[in-house]
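Inspection log for the structure reproduced underneath, given as structure tokens.
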Amino acid sequence: VAEADPPAPASDRGAADSAAPAADEESPTADAVSSAGLGLGAPVPGSKTAAGDGTGKRPSSRRTPAAATARVAQATKPQPEKINPGEVFKIGFQAWARGDTKTALASYKRVLATNPDYAPAWRGVGLVYEKLGDKPGAHNAFQKYLQLEPSATDAASIRARLEAL
């Protein structure tokens, strides 16, 4: 396999490279090229004719980079988990009945992450926190439960628990 020769220093380059303007020389603008008729009928990007309004910007019907970024962010954003709150609550309640406070709490919090107004889960969180000795956590959870279900059948016993905390 033949190796390519390295590029020659600028002083040794041929006439083909001399056609490019030097850094301090001005090159023709896109408008000049377009107006000279060298654009073959198509507008030159960046010319006044690209958008027809003299701004050189793309027509507004095209998607913007900001919109593309927003679409990517939306597509990559984790979607909320689809669960049946009653079923997940039941798993938590069964774990609570077995004495598995860790699983119970995780299940109740999973319900609340997707449905924060599911009152039974707040009651369950309050009971778990109470058992674990987290009085502020139990207090907040029981208050939220009573806020969502003020006339629940066990409202009086939950209020008594709140007073005992």
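The values are calculated or read from the model by the stated rules, or taken from the named source; none is laboratory data. Given the structure is predicted, the values throughout are model-derived calculations rather than measurements. Please note that ligands, DNA and RNA were not included when accessible areas were found on the heavy atoms of the full protein model with its side chains. Shrake-Rupley method; radii C 1.70, N 1.55, O 1.52, S 1.80 Å.
I'm trying to understand the selection: among the residues of region 135-165, which are open to solvent by less than 60 Å² (accessible area, probe 1.4 Å) and not small (Gly, Ala, Ser)?
142, 144, 145, 146, 148, 154, 158, 162, 165
Might you let me know whether region 106-117 holds any residue that is open to solvent by less than 40 Å² (accessible area, probe 1.4 Å), at pLDDT 95 or above and more than 28 Å from the chain's Cα centre (by Cα)?
no
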